Amino acid sequence: MADAIDPALYAKIFEINKPCWQTVSDSLKKLNLPSDAKILDLGAGPAEPTATILAATPTYKITCTDSQEAMIEKGKMRCTKKLGEEVTAEVNFVVALAEDLSAYADDTFDAVIGTYLLMFVDCPKCLAEVKRVLKPSGYALFTIWLQMPFFYMNQAIVNDMWSDFRVKQTADESASGGSAALGVPPKIVVQPMSLSSTQYNTKGDVGVMAREAGFKSAFGITDMAYDWHMNLDLDGLVGVSRILTNGVMPKMAEQLGMEVEALHLEHAARLKKEISEKHADWDRGSEWVWGRGEARLYTLQK
Ligand SMILES: C[S@@+](CC[C@H](N)C(=O)[O-])C[C@H]1O[C@@H](n2cnc3c(N)ncnc32)[C@H](O)[C@@H]1O
């Protein structure tokens with residue numbers, strides 16, 4: 001499994017994705033599934049996809065899963081708060097890996113959903129399992145990130161810092177007769193855009209992988225774009241970037257022979273300058289948004 005997302009942290013920031021869950025819920029409605037359709041929510045996190053779908057169609061029978069027990073516990077609490085105990089009691093909450101659905105027989109579900117899940121899983125294995133547990137002609141709905149300013153801007157600043165400090169370091173190394181290879185900047189470990197058609201793609205194309213897994217080639221694509229509301233001021237926005245850079249700075253500090261904290265401070269100063277000078281439109285008065293994320297919903301059919 002890829003690095004786990006901290007359930008406590010994720011529960012604080014994840015409501016950004018409301019428009020995504022609503023799009024998935026609306027798209028399910030358009031598929032005209034039976035009123036008691038069996039739906040599997042994979043990698044549900046704190047269960048908001050499940051809660052959004054049930055708010056629209058309380059008669060669906062949903063199995064809500066995640067690889068982390070703590071997410072499932074948060075999911076139960078959130079569903080109870082949002083939908084009440086009666087509806088929540090009908091949801092089957094299960095800890096499960098998206099790549100191993102052996103608990104479910106072939107042809108079980110009318111639809112399977114996975115919002116912002118595929119970047120964390122072994123996609124071919126997961127898609128093969130999803131296809132197996134779907135009923136004939138059943139649907140799989142997956143969302144991925146296409147563009148995410150929160151990610152690429154932080155990585156770009158890491159890259160710039162690397163270049164600036166390495167150029168100086170290699171100049172010193174050359175002057176003292178040592179090796180002067182520039183090397184490559186460390187990569188932020190979380191890769192939200194690992195399935196997008198950008199330079200950050202490391203996992204391939206969902207459409208191609210879906211066809212390889214045996215899904216029909218005619219499938220729907222819905223693109224979404226929405227602001228990243230984090231209810232933070234500019235300093236808060238800059239501070240929250242440490243979620244991404246915490247994993248990078250120790251490596252960079254070691255390679256550059258610098259202090260971790262000094263690199264964090266330098267990164268924060270550059271980020272603040274970049275946002276305030278180039279993205280004044282992210283200032284919404286009561287908060288600064290972390291730009292506009294672009295995402296894609298794939299609707300696949302077995
Ligand atoms: C970015 S979150 C998305 C959560 C939720 N779908 C949403 O839209 O809010 C990804 C979720 O996938 C879960 N996850 C990661 N790897 C997984 C795997 N191999 N199988 C199932 N869930 C996994 C994580 O625990 C996390 O809750």
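Since every read-out is calculated from the coordinates, none of them should be taken as a lab result. Note that the structure is predicted; figures quoted are calculated from it, not measured. Methodologically, a virtual Cβ is constructed for each residue, glycine included, from the backbone with ideal geometry; neighbour enumeration extends over all protein chains shown.
To the nearest 10 degrees, how steeply does helix 260-278 sit against the main Cα axis of the chain, on a 0 to 90 scale?
70 degrees
Please give the peptides 55-68, 79-92 ranked by average Cβ packing (other Cβ atoms within 10 Å per residue), highest first, as a rough proxy for protection.
Per-residue mean Cβ counts within 10 Å order the peptides as 55-68, 79-92.
For the chain, calculate the relative contact order in percent as a whole number, restricting contacts to Cα pairs under 8 Å that are 6 or more residues apart.
Here the relative contact order equals 19 percent.
Once you put a point 7 Å from the Cα of Leu265 and another 7 Å from the Cα of Ala103, both along the Cβ direction, what distance in nm separates them?
4.9 nm
To the nearest 10 degrees, how steep is helix 69-83 against the longest Cα principal axis of the chain, on a 0 to 90 scale?
Its long axis makes an angle of about 60 degrees.
Using alpha carbons only, how many degrees (0 to 90, rounded to 10) separate the axis of helix 123-133 from the longest principal axis of the chain?
10 degrees
I need to check one value: relative contact order of the stretch 53-129, counting alpha carbon pairs closer than 8 Å and at least 6 residues apart, in percent.
33 percent
If R0 is 45 Å, what FRET efficiency do you get for His229 and Ala171 from their C-beta distance, rounded to 0.05?
0.55
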